[in-house]
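Student: Pasting in a structure now, in structure tokens, and then I'll have a few things to ask.
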Amino acid sequence: MTLLHNLGFPRIGAQRELKFALERYWRGEDSLAKLESSTADLRARHWQQQQAAGMNLLPVNDFSLYDQILDHSLLLGAIPSRFGDLSGHSHADAAFCIARGKDAQGRPVAAGEMTKWFDTNYHFIVPELRREQHFQLGSNKLFDEIRQARSLGHAAIKPVLPGPLTWLWLSKAEDEEFDRLELLDSLLPVYAEILQRIADLGVEWVQMDEPILSLDLPLPWKQAFESAYSRLHSSPAKLLLATYFGPLLDNLHLAARLPVDGLHVDAVRGADEITALADHLPTYKILSLGIIDGRNIWRADLGQLLARLTPLQQRLGERLWLAPSCSLLHVPVDLHAEPALDDELKSWLSFALQKLEELNLLKQVLGSEDHQREELLADNLRICDSRKHSSRVCNPAVQERMQSLDTRASIRNSSYDQRRPRQVSLPLFPTTTIGSFPQTAEIRQARLAHRQGRLTDAEYKTLMRKQIQEAVQIQEQLGLDVLVHGEAERNDMVEYFAEQLEGFALTRHGWVQSYGSRCVKPPILFGDASRPAPLTVEWSAYARSLTSLPMKGMLTGPVTILNWSFVRDDQPRATTCKQLALALRDEVRDLEKAGINVIQIDEAALREGLPLRRSDWQGYLDWAVESFRITAGAAQDSTQIHTHMCYSEFNDIMPAIAAMDADVITIETSRSRMELLDAFRDFEYPAEIGPGVYDIHSANIPEADDMLQLLEKALERIPAERLWVNPDCGLKTRSWQEVKPALENMLQAARQLRKQYEQNIPVSA
Ligand code: GLN
Ligand code: ZN
């Protein structure tokens, strides 16, 4: 019989129990014992559910109170020196110190840096290593969780560990740069010790996660794989080397021949190379196929999978294992928690628990006679058919529009130089903000009351208008040049649009962990996207009516909506993105008609959407930039198009950034002290730039002098007539007490700069 296993289960809980338990503990409302008992319950429930769904090997140590990479750093005793001696702390408290920025004495220090986990929206804490790094067993969490699983009667368990190469690859140097591969020699004995201890607990299999095998690896790293796994080969535990998030490509032969007992591969993204892999795999090895998509929420087409699996099963027999493609951390827990979704749509979806049930069904079908297969698959066939032919998925009007889309749609009438004189006239160093103002308790309560029906539409509208009025008044008093309405009506920059566009569904509990206790709830894009009615025009037009100053309209761009949603898998992402672009294009037109002649199209997630393999970058950038241009291309020359991006490391993709052809780009640069602007100077970026002068992520009020200095630095890289003055990002997470003085200082810096410039005082940086 084919063995089923799971690589990891979402730990947040179907009702976000982990989030609430953590936050209660952090606020001091619960004891550590309470936190540990509620998380033990959560693990127990998840193992039980996975077992009930037919998993033959249950993952252990996939749970984490904060982050599995941070847990692993603690296990290896790799704690950055600024945190002091954390050895007297529990695993939980040590992890929280690093994640939340406290040293062993409880004094504030810089928290461990967070960065995105491959191409997911999960963030891990970057290990920080020294040249002389010493490793030693530093935590019992892994062993305690094995014991817990055992005590609950789970005999068939499979502890999960980040592999040595992936963990080193993801780390950074604590201070001076050095080659982190040099540390491998001292790292491996600790791995050997961990594996020995796991085996001593009676465990047979260990899952070693090495997802970097789906990346472009330099030769020394490839070679290090061979030597590392040869050295771990003598370990008494059997190793299942797990790769995921992409095909193996040039790493296929390497992965196939490593001396381990089994190899897990992503058979969704790497579907094309499964046969080649089976050809190259030594006959002693298990091949685990990640056949159910762990990165998306669609029900699989089991008939199709069966056709692919049958020949492999005949070849491999017991050596074939089946699993989801990757850990289920990246999908919500349970579809049954969604009573508000209609039955048809629900039948198309599959969350973590449903994915395991799909695996189980697949196994049953594989093990049954031909005549039984049909019956077993009947439901699945019907569901796949209904999705394929549903009129909710295919919208002829959208299809027609896509067909007749011609290249001119993505080209503005004139070049930036010709457009600029026709657009708003503004002082030198114009000032603006990125869009949102503080989401006060009052605003959040109003939104909740409206959603729950305690506020009528009209009452809600009146309240929001009052917020807009106040925001406009404050901006006028401060003296900003280009105003915004403040985005009070938006819960989230993607969800707000998804709620109104056709083709999207929203879940109530479809949470996915982003980092620590933070979760996101990605909308589900199931059908052709279209805009049944204007989305933002009413609010922007109202804001505009309140002032004679330019009012900037605010849209979330097509690429960002795409990258932060679960999107359909039945057509290329490029097509889906262009549909979104067309829907937003109409919004640009309507904003213009309402007299809005400055429009910002946020593309916060464009840079982070870059594919894992460099060879895929250009393809992505081509359609991503084209999508943005389809939206922006509706604008008249006289409309100034802004775009905003949060993550501003553009060195590698400057031509694409310029090709977006925005009139103004605002970016995050204050934390890098404007150094990120070098790319713009070296490339000779052709339009206007607003490098953020204050870090909105910090509660500190920036000083005018400090911002002036940053602006002077920016002027070394950007011509004066193209420089804007603005914060790094939206202000929705800050309070008005912080925002007002901060903006006041920012405006003072801008005025000072104008004065210096007019009097021809040389800037001193
Ligand atoms: N306009 C959005 C805001 O100000 C942009 C947010 C973002 O870039 N993440 O909130
Ligand atoms: Zn931003």
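Student: Mind checking which of Gly503, Gln513, Leu555 is farthest towards the positive end of the stretch 427-583's charge dipole, using Cβ charges of +1 (Lys, Arg) and -1 (Asp, Glu) about the Cα centre?
Tutor: Comparing the listed Cα positions along the dipole, Gln513 ranks first.
Student: Taking all protein chains as present, what is the carbon and sulfur share of the accessible area of the stretch 117-249, in % to the nearest whole number, probe 1.4 Å?
Tutor: Working: 2450 of 4950 Å².
On the stretch 117-249, the fraction of accessible area on carbon and sulfur atoms equals 49 percent.
Student: Here's another thing I want to ask about it. Compute the separation of the alpha-carbon centres of the stretch 554-573 and the stretch 69-89 and state it in Å as a whole number.
Tutor: With the stretch 554-573 and the stretch 69-89 each reduced to a Cα centre, they are spaced 38 Å.
Student: Another question, if that's okay. When N counts the residues of the stretch 202-310, how does its alpha-carbon radius of gyration compare numerically with 2.2 N^0.38 Å, as a ratio?
Tutor: Numbers: Rg = 14.3 Å, N = 109, 2.2 N^0.38 = 13.1 Å.
Rg over 2.2 N^0.38 Å, computed on Cα atoms: 1.09.
Student: Taking 4 °C and 1.567 mPa s as the conditions, I'd like the Stokes-Einstein D for the stretch 422-563 in µm²/s, using the Kirkwood hydrodynamic radius from alpha carbon pairs.
Tutor: Details: Rh = 16.9 Å.
The diffusion coefficient I find is 77 µm²/s.
Student: How high is the FRET efficiency between Arg454 and Gln752 when r is their beta carbon distance and R₀ equals 45 Å, given to the nearest 0.05? Walk me through the numbers before you get to the answer.
Tutor: Details: r = 48 Å, r/R0 = 1.07.
According to the calculation, E is roughly 0.40.
Student: I've got another one for you. Send over the semi-axes of the stretch 547-651's equivalent ellipsoid, whole angstrom and largest first, taken as the square roots of 5 times the C-alpha gyration tensor eigenvalues. Spell out each step's value before the answer.
Tutor: Details: eigenvalues 138, 46, 24 Å².
Whole-Å semi-axes of the equivalent ellipsoid: 26, 15, 11.
Student: Ok, one more. To two decimal places, what compactness ratio does the stretch 684-748 give when its Cα radius of gyration is scaled by 2.2 N^0.38 Å?
Tutor: Working: Rg = 12.3 Å, N = 65, 2.2 N^0.38 = 10.7 Å.
Taking N as the residue count of the stretch 684-748, the ratio is 1.14.
Student: Measure off 7 Å from each Cα along the Cα-to-Cβ vector at Ser390 and Glu176, then give the distance between these two points in nanometres to one decimal.
Tutor: The modelled label-to-label distance comes out at 6.0 nm.
Student: A follow-up question, please. Measuring with a 1.4 Å probe in the full set of protein chains, what accessible area per residue, in whole Å², belongs to the chain?
Tutor: Working: 30140 Å² over 765 residues.
About 39 Å² of surface per residue is accessible.
Student: A follow-up question, please. In degrees from 0 to 90, rounded to the nearest 10, what is the angle of the helix 32-52 Cα long axis to the longest principal axis of the chain?
Tutor: Rounded to the nearest ten degrees, it is 60.
Student: Got a sec? Charge dipole of the chain, +1 on Cβ for Lys and Arg, -1 for Asp and Glu; which of Gln136, Ala720, Leu305 is way out at the positive end?
Tutor: Leu305
Student: Debye calculation, C-alpha points only, no solvent: report log10 I(q)/I(0) for the stretch 292-396 at q = 0.11, 0.12, 0.14, 0.16 Å⁻¹, in the same order as the q values.
Tutor: For the requested q values the scattering log ratios are -0.38, -0.45, -0.60, -0.77.
Student: Related question: Mind checking which lysines have their Cα closer than 21 Å to the Cα of Lys740? Skip sequence neighbours fewer than 8 apart in that chain.
Tutor: In chain and number order, the partners are Lys466, Lys552, Lys732.
Student: Rounded to the nearest percent, how much of the accessible area of the stretch 648-693 (1.4 Å probe, protein heavy atoms only) is carbon and sulfur? Write out the running numbers ahead of the final one.
Tutor: Values: 660 of 1550 Å².
Carbon and sulfur atoms account for 43 percent of the accessible area of the stretch 648-693.
Student: What's the carbon and sulfur percent of the stretch 481-531's accessible surface, probe 1.4 angstrom, rounded to a whole number?
Tutor: On the way: 560 of 1370 Å².
The C+S portion of the solvent-accessible surface of the stretch 481-531 is 41 percent.
Student: Scale the Cα Rg of the chain by the rule-of-thumb value 2.2 N^0.38 Å and send over the ratio, two decimals. Intermediate results must be reported in sequence, preceding the final value.
Tutor: Values: Rg = 27.2 Å, N = 765, 2.2 N^0.38 = 27.4 Å.
In units of the 2.2 N^0.38 Å rule of thumb, it is 0.99.
Student: Ok, one more. Can you tell me the Rg and Dmax of the stretch 55-190, counting just the alpha carbons, in angstroms?
Tutor: Final numbers for Rg and Dmax: 15.3, 48 Å.
Student: In addition: Counting helices only, and only those DSSP H runs with n ≥ 4, report the 222 nm mean residue ellipticity of the chain as the sum of -39,500 (n - 2.57) divided by its residues, in deg cm²/dmol to the nearest 500. Could the numbers behind the result be given before it?
Tutor: Details: 27 runs with 317 residues, N = 765.
Calculated at 222 nm, the ellipticity per residue is -13000 deg cm²/dmol.
Student: Sort Leu501, Leu463 by accessible area with a 1.4 Å probe, largest first. Write out the running numbers ahead of the final one.
Tutor: Working: Leu501 10, Leu463 55 Å².
Greatest to least solvent exposure: Leu463, Leu501.
Student: Further question: So if I take the alpha carbon set of the stretch 317-358, get Rg, then get Rh from the Kirkwood formula, what is the Rg over Rh ratio?
Tutor: Values: Rg = 12.9 Å, Rh = 11.8 Å.
Radius of gyration relative to Kirkwood radius: 1.09.
Student: Find how many whole Å separate the alpha carbon centroid of the stretch 300-333 from the alpha carbon centroid of the stretch 347-385.
Tutor: Distance between centres, Cα-based: 12 Å.
Student: Using only alpha carbon pairs under 8 Å that are at least six residues apart, calculate the relative contact order of the chain and give it in whole percent.
Tutor: Numbers: 1413 pairs, mean separation 85.1, N = 765.
In percent, rounded to a whole number, it is 11.
Student: Would you calculate the volume per residue, in Å³, of the smallest convex hull containing every Cα atom of the stretch 624-765?
Tutor: Values: hull volume 17.2 nm³, N = 142.
Spelled out: Cα convex hull of the stretch 624-765, divided by residues, is 121 Å³.
Student: Would you tally the net charge around Leu546, using a Cβ to Cβ cut-off of less than 11 Å, leaving Leu546 out, and scoring K and R as +1, D and E as -1?
Tutor: Numbers: positive: Arg465, Arg544; negative: Glu470, Glu476.
Its environment carries a net charge of 0.
Student: Taking DSSP loops as anything outside H, G, I, E and B, show the longest stretch in the chain free of trypsin sites (Lys or Arg not before Pro) there with at most 13 other beta carbons within 10 Å.
Tutor: Numbers: sites that count: Arg27, Arg454, Arg508, Arg673.
Result, exposed sites excluded: 28-453.
Student: Which value, in debye to the nearest 20, describes the size of the charge dipole of the stretch 134-292 about its Cα centre when Lys and Arg Cβ atoms bear +1, Asp and Glu Cβ atoms bear -1, and nothing else is charged? Provide the component values of the computation, followed by the final result.
Tutor: Numbers: 13 positive and 22 negative charges, 143 e Å.
Dipole size: approximately 680 debye.
Student: Hey, what's the Kirkwood Rh for the stretch 1-97 if you take every pair of different alpha carbons, in angstrom?
Tutor: Values: mean 1/r = 0.0671 Å⁻¹.
Taking every pair of different Cα atoms in the stretch 1-97, averaging 1/r and inverting gives 14.9 Å.
The values are calculated or read from the model by the stated rules, or taken from the named source; none is laboratory data. Note that the coordinates shown come from a computational prediction; the quantities given were computed from them, not determined experimentally. Glycine also receives a Cβ, built like all others from the backbone with ideal geometry; neighbour counts cover every protein chain displayed. To get the accessible areas, we keep the full protein, side chains included, count just its heavy atoms, and leave off ligands, DNA and RNA. Shrake-Rupley method; radii C 1.70, N 1.55, O 1.52, S 1.80 Å.
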